[in-house]
Amino acid sequence: MHGPTPVRRLVFSVFAVGLAVGSLAGCGGGGAYTRQTSLDHQSKMDIMKSATEYDMSRQAYYAGDLKKALDGVERSIAINDQVAKTHVLRGRILLELSELDGALDALHTAEALDPESVDAQYYLGMAYERLNEYETSIEHYQAAAEMKPEKAQYIVAVAEVMIDAGRVDEAESYLSSRRARFDHNAGVRQTLGHIALMQGNPTKALTMFSEARILAPEDMEILEDLVQTQIALGRYGDASGGLAKLLSDEDFAEQRRDLRHVYGRCLIELGRYIEARNVYLALTEDEEGGSDVDAWIGLGNVSCIIKDPYRLRTAAGRVMALEPNREEGYLLRSIWHRRRGESNDALRWLEIAAERAGESQAIYTMAGLVLADLGRDDDARKVFSSVFPAGESDEFAGVSESDLITEN
């Protein structure tokens with residue numbers, strides 16, 4: 001068999017060279033493609049890592065672990081700093097840490113990356129509110145409200161800062177003009193209730209809080225607003241039910257001594273004296289009770305009403321020890337002596353009260369009662385004439401001792 005002719009050898013040689021060149025060219029093109037593919041893969045991996053760090057940071061934030069949250073969000077930004085929501089989260093974390101300058105920097109970065117970020121606008125409003133830069137805060141809150149007009153929280157935020165800035169009437173107009181859109185939103189009504197109170201209209205406030213309560217029956221802040229307004233209007237019966245509900249949670253009740261005081265006064269107004277005494281006993285017997293002068297005054301007052309001499313004297317002594325410059329302790333001690341028929345001692349304690357706490361209507365009135373007990377009616381009338389309007393000084397017999405003691 002003959003070998004290949006010279007022509008065939010040339011053809012095969014050219015073909016072989018072409019294959020080799022083609023192979024080399026193919027190798028070169030595949031390398032560039034592989035590098036690009038590798039870069040795309042790395043970019044996708046970075047995006048995934050950044051997103052993972054963001055999610056973990058967000059979870060830590062809501063769990064209250066702010067240090068872990070901050071570390072995580074900064075790792076996310078280090079991987080990919082072009083995501084607005086990541087800077088928003090960093091700003092929120094720094095707000096919680098009271099690092100306002102850092103929070104503003106993060107939130108403005110988010111705003112620059114995404115001018116349509118409603119969260120960036122909202123939290124910028126919050127940051128400037130904390131700095132008391134109310135006008136700038138309002139601008140950002142309004143921007144959020146315009147981006148999401150269906151969100152009530154944004155218009156409520158605008159109104160609340162207007163109130164802080166002293167623009168109460170403007171806040172009312174702003175909310176009222178948008179009320180139709182939020183006819184079933186409790187927060188809008190609650191804020192309108194606050195505005196009504198500031199405008200000196202507790203009756204309107206009561207209506208707003210009552211409507212808000214219907215819309216959000218489990219919202220304890222709204223219930224508290226309602227209760228305080230009911231008390232201001234003298235509707236103690238209505239208020240007592242709300243207070244009982246608020247204080248039914250023992251942990252909440254322990255933290256809110258102020259509401260327990262309010263409840264005690266409310267029960268006194270309703271004539272439920274034994275229940276009121278129990279409220280004040282609980283206030284004076286717990287860990288803070290030893291130094292709670294108002295609780296001891298309340299206990300002294302209700303003890304005076306129900307004629308409990310032991311607790312009346314105990315309360316009087318405690319108030320005088322805690323606040324020697326307040327009149328209530330001396331008044332309580334004077335009442336205790338008067339009920340024992342010790343009128344001279346009762347008068348002596350009133351003289352001490354006048355020296356240490358200053359003269360007051362309560363001290364003068366009590367002195368008039370004691371002077372009348374001593375048969376010194378002319379002196380009693382002189383004292384009463386100095387504290388009662390003309391023509392009423394003869395009515396001192398109707399004055400109640402318990403009316404003279406009030407808890408702040």
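The values are calculated or read from the model by the stated rules, or taken from the named source; none is laboratory data. Being a predicted model, the structure only gives us computed values, none of them experimental. Cβ sites come from the backbone with ideal geometry, for glycine too, and all protein chains shown count toward neighbours.
State which residue is nearest to the chain's Cα centre (by Cα) when the search covers only region 84-121 and only residues that are outside any helix (DSSP H, G or I), charged (D, E, K, R) and under 21 Å from residue 154 (Cα atoms).
Among them, the one singled out is 116.
Does any residue of region 233-252 turn out to be hydroxyl-bearing (Ser, Thr, Tyr), surrounded by 14 or more Cβ atoms within 10 Å (Cβ to Cβ) and under 29 Å from residue 169 (Cβ atoms)? Don't jump to the end; show me each part of the working.
The initial filter retains those residues of region 233-252 that are hydroxyl-bearing (Ser, Thr, Tyr), namely 236, 240, 248.
Within this subset, residues satisfying the condition of being surrounded by 14 or more Cβ atoms within 10 Å (Cβ to Cβ) are 236, 240.
Adding the requirement that they be under 29 Å from residue 169 (Cβ atoms) leaves none.
No, region 233-252 has no match at all.
For region 238-330, list the helices (runs of 4 or more DSSP H) that sit wholly inside it and hold at least 3 residues that are outside the structural domain of residue 349 (by TED's automatic domain parsing) and under 23 Å from residue 355 (Cα atoms); which are they?
Details: elements: 250-255, 257-269, 273-285, 293-306, 309-322.
Correct list: 293-306, 309-322.
Here's the yes/no breakdown for (1) of a type in the set (A, V, I, L, M); (2) within 25 Å of residue 182 (Cβ to Cβ):
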| site | (1), (2) |
| --- | --- |
| 58 | no, no |
| 78 | yes, no |
| 93 | yes, no |
| 106 | yes, no |
| 143 | yes, yes |
| 149 | no, yes |
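Could you run through region 327-354 and say how many residues are touching a helix residue (DSSP H, G or I) at 6+ places or on another chain (Cβ under 7 Å), among the basic types (Lys, Arg) and within 18 Å of residue 372 (Cβ to Cβ)?
Of the residues in region 327-354, 2 are touching a helix residue (DSSP H, G or I) at 6+ places or on another chain (Cβ under 7 Å), among the basic types (Lys, Arg) and within 18 Å of residue 372 (Cβ to Cβ).
Which one is surrounded by the most Cβ atoms within 10 Å (Cβ to Cβ), of the residues in region 265-302 that are of a type in the set (A, V, I, L, M, F, W, C) and closer than 19 Å to residue 237 by Cα?
Going through region 265-302, the residues of a type in the set (A, V, I, L, M, F, W, C) turn out to be 266-268, 270, 274, 276, 279, 281-283, 293, 295-297, 299, 302.
After this cut, where a residue has to be closer than 19 Å to residue 237 by Cα as well, the list is 266-268, 270, 274, 276, 279, 302.
Numbers: 266: 26, 267: 23, 268: 22, 270: 14, 274: 9, 276: 24, 279: 25, 302: 30.
Taking the candidates together, the pick is 302.
Looking at 380, 354, can you tell me which residue is over 16 Å from residue 330 (Cα atoms) and either in a helix (DSSP H, G or I) or modelled with pLDDT of 90 or more (or both)?
Within the list 380, 354, the selection yields 380.
Considering only region 244-256, how many residues are hydrophobic (A, V, I, L, M, F, W, C) and over 18 Å from the mean Cα position of the chain (by Cα)?
Adding up the residues that qualify gives 1.
I need the full set of residues from region 118-142 which are out of contact with any His (no Cβ under 9 Å at 6 or more places or on another chain) and either not acidic (Asp, Glu) or not assigned by TED's automatic domain parsing to the domain that holds residue 74 (or both), in order please.
118, 130, 131, 132, 134, 136, 137, 138, 140, 141, 142
Just a yes or no: is a residue in region 191-198 hydroxyl-bearing (Ser, Thr, Tyr), more than 17 Å from residue 260 (Cα to Cα) and surrounded by fewer than 17 Cβ atoms within 10 Å (Cβ to Cβ)?
no
So, residue 52, is that one out of contact with any Ser or Thr (no Cβ under 6 Å at 6 or more places or on another chain), modelled with pLDDT of 55 or more, assigned to a helix (DSSP H, G or I) and not assigned by TED's automatic domain parsing to the domain that holds residue 138 or not?
So residue 52 does not fit the description; no.
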